[in-house]
1. Only one of 106, 96, 80 is touching a residue at least 40 places away in the same chain (Cβ under 8 Å) and either out of contact with any helix residue (DSSP H, G or I) (no Cβ under 7 Å at 6 or more places or on another chain) or in a helix (DSSP H, G or I) (or both); which?
2. Which of (1) exposed (fewer than 10 other Cβ atoms within 10 Å of the Cβ); (2) outside any helix (DSSP H, G or I) is the odd one out, the single condition residue 91 does not satisfy?
3. Residue check: is residue 133 more than 16 Å from residue 163 (Cβ to Cβ), hydrophobic (A, V, I, L, M, F, W, C) and free of Cβ contacts under 8 Å to residues at least 60 places away in the same chain?
4. Find the residue count for the range 155-177, including only residues that are small (Gly, Ala, Ser), part of a loop (DSSP other than H, G, I, E, B) and under 29 Å from the mean Cα position of the chain (by Cα).
5. If I filter the range 55-77 down to residues being hydrophobic (A, V, I, L, M, F, W, C) and free of Cβ contacts under 8 Å to residues at least 60 places away in the same chain, which single residue comes out as farthest from residue 170 (Cα to Cα)?
6. Look through 100, 116, 38 and report the one residue that is surrounded by fewer than 10 Cβ atoms within 10 Å (Cβ to Cβ) and of a type in the set (Asp, Glu).
7. Looking at the range 143-158, can you tell me whether even one residue there is out of contact with any Gly (no Cβ under 8 Å at 6 or more places or on another chain) and among the hydrophobic types (A, V, I, L, M, F, W, C)?
8. Looking at the range 142-154, is at least one residue modelled with pLDDT under 90, within 29 Å of the chain's Cα centre (by Cα) and assigned to a loop (DSSP other than H, G, I, E, B)?
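The values are calculated or read from the model by the stated rules, or taken from the named source; none is laboratory data. Note that this is a predicted model, so its numbers are computed, not measured. Every residue, glycine as well, gets a Cβ built from its backbone with ideal geometry; the counts of neighbours run over all protein chains shown.
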Amino acid sequence: MENTNEVEKELEKNEAVTEESPIAEAEPVNELKKLQDEVAEAKDKYIRLFSEFENFRRRTAKEKLELIQSANENLLKNLLPVLDDFERAEKAFRDLNTKEAEGFLLIFNKYKKIMEQSGAKVLDLKAGDDFNADTQEAITQVPAPSEALKGKIVDVVEKGYVLNDKVIRFAKVVVGS
C-alpha cells in the first residue's frame, strides 16, 4: 500500500508542478505561434502562386492574340503585291465603260474591303508630306523642284501599309534634296 500511496503522491506533485510551471504555460503559446506562422507562410505561398497563375494566364492570352495577329500579318504581306496589281489595272480600266471593266472594279472594291476588314490600312502619303523613316523608305533622292520640297516627299512609288499600328510594308518614296 505504501507504494501505491507514494505513487499517488508523486502523481499529485507532478500535476501541481505541471499546472503551476511557466514552462507548461509557454508550450501552448509557442505551439499557437508556430501554427500561426505556418498558416501565414501557407497563405503567402498561396497568394504568390495565385498571382503567378494570373500572370501566366494573361501572358498566354496576350501571346495567343499576338500569334493570331502575326499570322494575319504574314498573309496580308503576301496579298499586298496582288493589291498593287489590282490598283495598276484599275487605273487602266477606269476610263472604260465596258461590262468587263465594271466587273473588274467590283472585284477590286471587294478585295480592298476585305483587306481593310482584316486591319490593313494604307499609309496616307502624298507629295509635300514630311519624310518619316519610321513608316517610309527613301528609294532615291532627286533635286527638289522647289525650296519647299527639300527633305520632303516628292513622289510615292509604292504605298505603305500598317496592321494594328505596326508597319507591315514601308512606303517607298522619292525625297527631294
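1. On the way: 106 fails: touching a residue at least 40 places away in the same chain (Cβ under 8 Å); 96 fails: touching a residue at least 40 places away in the same chain (Cβ under 8 Å).
Criteria check complete, one pass: 80.
2. So the condition that residue 91 fails would be (2).
3. Details: more than 16 Å from residue 163 (Cβ to Cβ): yes; hydrophobic (A, V, I, L, M, F, W, C): yes; free of Cβ contacts under 8 Å to residues at least 60 places away in the same chain: yes.
So residue 133 fits the description; yes.
4. First, the residues of the range 155-177 that are small (Gly, Ala, Ser): 160, 171, 176-177.
Now drop any that are not part of a loop (DSSP other than H, G, I, E, B), which leaves 160, 177.
Checking which are under 29 Å from the mean Cα position of the chain (by Cα) leaves us with 160.
Summing the residues that are small (Gly, Ala, Ser), part of a loop (DSSP other than H, G, I, E, B) and under 29 Å from the mean Cα position of the chain (by Cα) in the range 155-177 gives 1.
5. The first filter runs over the range 55-77 and keeps only residues hydrophobic (A, V, I, L, M, F, W, C), leaving 56, 61, 65, 67-68, 71, 75-76.
Then drop every residue that is not free of Cβ contacts under 8 Å to residues at least 60 places away in the same chain, which leaves 56, 61, 65, 67-68, 71, 75.
Working: 56: 34, 61: 29, 65: 24, 67: 22, 68: 22, 71: 19, 75: 16 Å.
Looking at residues that are hydrophobic (A, V, I, L, M, F, W, C) and free of Cβ contacts under 8 Å to residues at least 60 places away in the same chain, I get 56.
6. 100
7. Taking every residue of the range 143-158 in turn, at least one turns out to be out of contact with any Gly (no Cβ under 8 Å at 6 or more places or on another chain) and among the hydrophobic types (A, V, I, L, M, F, W, C).
8. As a first pass, look at the range 142-154 and keep what is modelled with pLDDT under 90: 142-154.
Next cut, within 29 Å of the chain's Cα centre (by Cα) only: none.
No, the range 142-154 contains no residue that is modelled with pLDDT under 90, within 29 Å of the chain's Cα centre (by Cα) and assigned to a loop (DSSP other than H, G, I, E, B).
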